[in-house]
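Data block below; observations after.
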Amino acid sequence: GGLGVSGRLAAVDGLRHASPTDAVDWEDLGFSCEHVAKTQMFVVTATLSQDGSGQWEWAEEGIGPYRCLELDPSAQVLNYGQSIFEGMKAQRTTDGNLVLFRPEENASRMRDGAARMSMAPPPKDLFLRAVKATVAANAEFVPPNGKGSLYLRPILLGTGAILGLGPAPSYTFLVYCSPVGAYFKGGQLTPIRLKVEEEEHRAAPGGTGNTKCAGNYSPVLNVQLQAKAQGFNDVLYLDAVENKYVEEVSSCNIFAVFGNKIVTPSLGTILPGVTRRSIIDLARSKGFEVEEAPLSIEEVLKADEVFTTGTAVVLSPVGYIEHGAEKREYGGYDVALALYDSLTGIQQQTLEDPFDWVVQV
Ligand code: COI
């Protein structure tokens with residue numbers, strides 16, 4: 001059966017969800033797909049209604065074992081790249097509940113992305129049901145409180161066949177998951193080292209920088225791999241017009257702290273992060289003045305503190321930034337750590353949730 005020994009004990013104890021399995025070393029979680037083969041995933045396909053109404057019909061396969069997909073070589077996604085994804089986390093609270101953080105935000109961002117990429121938009125209720133079903137079916141893979149989280153990866157793919165350039169005639173929406181720990185090497189609160197990229201750009205005005213499409217995440221790899229080889233954790237991108245304003249890191253959004261003021265780049269060509277939005281609201285509730293505005297690399301290099309945010313990254317203090325010959329070491333992390341504690345306290349339900357962000361599975 002699906003429940004391990006610990007899962008059966010949890011059922012005896014009357015908890016709604018299985019306890020963490022013994023089959024994973026919870027002390028040693030990185031950010032990888034090491035354990036995915038043991039998990040369950042949710043699958044649904046969309047085809048156009050035969051009645052000519054232009055409506056999408058969603059056929060639910062539902063939860064089943066993690067498996068490979070069989071794709072037609074002329075599948076749209078393999079040729080032209082209709083692929084968008086989300087990142088979400090389920091946490092185990094200290095009293096044994098499983099919770100999600102602002103899942104409606106991911107549901108609506110996927111619908112926005114589907115519109116930008118001419119794909120079938122998964123209905124919000126289907127998205128939320130799929131995500132919750134995936135967490136419930138994988139309860140034994142949600143790490144013990146404080147040891148990490150179950151990372152959820154909803155993806156929408158244009159799986160239907162097409163040869164001429166156009167949108168796929170059918171789509172696959174699926175949610176798979178993996179237990180994860182810290183994203184960056186060195187552990188969750190180890191300050192990260194960023195290299196500012198001066199030649200290549202992640203996104204341009206009018207492009208898809210604000211869409212969570214797969215195509216935004218591979219063009220960054222050439223400079224990211226070079227930077228990693230030089231001991232950096234990731235790359236900080238500048239705007240494509242003036243090569244002057246910071247945009248985002250390949251895997252997360254960025255914030256700079258100046259005394260009581262916190263600045264983060266305005267939306268447009270950057271990913272509208274759920275953690276970004278939450279940190280803006282949290283910081284304001286703590287009395288900080290928060291501006292969403294153009295933020296030049298010169299200002300970032302003069303900031304008191306810099307930190308990055310994302311679902312996978314959570315909140316990472318930045319310890320060092322290099323921009324050509326300019327180098328800056330940061331020493332203070334007080335604001336970053338206070339915001340990290342508030343955010344993760346809400347996410348794990350050890351602190352009050354005044355914004356109603358946390359949803360029970
Ligand atoms: C996330 O933070 O969830 C993402 O999707 C970013 C990815 C580079 C791991």
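Results for (1) closer than 21 Å to Leu271 by Cα; (2) out of contact with any strand residue (DSSP E or B) (no Cβ under 6 Å at 6 or more places or on another chain), shown as yes or no for each residue.
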| position | (1), (2) |
| --- | --- |
| Thr134 | no, no |
| Asn145 | no, no |
| Leu150 | no, no |
| Pro169 | no, yes |
| Pro179 | no, no |
| Ala182 | yes, yes |
| Pro191 | no, no |
| Glu199 | yes, yes |
| Arg202 | yes, no |
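Looking only at residues in the stretch 202-229 that are part of a loop (DSSP other than H, G, I, E, B) and surrounded by 19 or more Cβ atoms within 10 Å (Cβ to Cβ), which one is nearest to the ligand (Cβ to nearest atom)? The selected residue is Lys212.
Taken as a whole, the structure leaves Leu315 outside the set of residues that are within 23 Å of the chain's Cα centre (by Cα) and either assigned to a helix (DSSP H, G or I) or of a type in the set (D, E, K, R) (or both).
Name the one entry in Thr269, Thr308 that is within 16 Å of the ligand (Cβ to nearest atom) and either surrounded by 16 or more Cβ atoms within 10 Å (Cβ to Cβ) or part of a strand (DSSP E or B) (or both).
Thr308
Yes/no matrix, rows are residues, columns are (1) under 25 Å from Gln82 (Cα atoms); (2) of a type outside the set (S, T, N, Q):
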{"position": "Arg193", "(1), (2)": "no, yes"}
{"position": "His201", "(1), (2)": "yes, yes"}
{"position": "Ala214", "(1), (2)": "yes, yes"}
{"position": "Gln224", "(1), (2)": "yes, no"}
{"position": "Phe258", "(1), (2)": "no, yes"}
{"position": "Glu289", "(1), (2)": "no, yes"}
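Being in a strand (DSSP E or B) and among the polar types (S, T, N, Q) is the filter; apply it to the stretch 145-182 and report the residue that is surrounded by the most Cβ atoms within 10 Å (Cβ to Cβ). Only one residue tops the list, namely Ser149.
Checked against the criterion of being modelled with pLDDT of 95 or more, in contact with a Ser or Thr (Cβ under 8 Å, 6 or more places away or on another chain) and within 16 Å of the ligand (Cβ to nearest atom), the stretch 280-288 has no qualifying residue. Selection of the stretch 229-274 for residues being in contact with an Asp or Glu (Cβ under 8 Å, 6 or more places away or on another chain) and of a type in the set (S, T, N, Q) yields Asn243, Ser250, Ser251, Asn260, Thr264, Ser266, Thr269. Applying the condition of being assigned to a loop (DSSP other than H, G, I, E, B) and either polar (S, T, N, Q) or exposed (fewer than 15 other Cβ atoms within 10 Å of the Cβ) (or both) to the stretch 82-95 and asking which residue is nearest to the chain's Cα centre (by Cα) yields Gln82. Taken together, the residues in the stretch 237-258 that are of a type in the set (A, V, I, L, M) and within 16 Å of the ligand (Cβ to nearest atom) amount to 2. Residues in the stretch 96-107 that are assigned to a loop (DSSP other than H, G, I, E, B) and surrounded by fewer than 19 Cβ atoms within 10 Å (Cβ to Cβ) were compared, and the one that is farthest from the ligand (Cβ to nearest atom) is Gly96.
Within the stretch 272-298, the only residue that satisfies the criterion of being among the charged types (D, E, K, R) and part of a loop (DSSP other than H, G, I, E, B) is Lys286. Taken together, Tyr217, Tyr245 contain a single residue that is over 21 Å from Ala303 (Cα atoms) and of a type in the set (Ser, Thr, Tyr), which is Tyr217. For the stretch 82-89, does any single residue satisfy the condition of being out of contact with any Lys or Arg (no Cβ under 6 Å at 6 or more places or on another chain), within 16 Å of the ligand (Cβ to nearest atom) and farther than 30 Å from Asp353 by Cα? Yes, the stretch 82-89 contains at least one residue that is out of contact with any Lys or Arg (no Cβ under 6 Å at 6 or more places or on another chain), within 16 Å of the ligand (Cβ to nearest atom) and farther than 30 Å from Asp353 by Cα.
The values are calculated or read from the model by the stated rules, or taken from the named source; none is laboratory data. Bear in mind that the values here come from a model prediction, so they are computed numbers and not experimental data. Cβ coordinates were reconstructed from backbone atoms using ideal geometry, including for glycine residues, and neighbour counts include every protein chain displayed.
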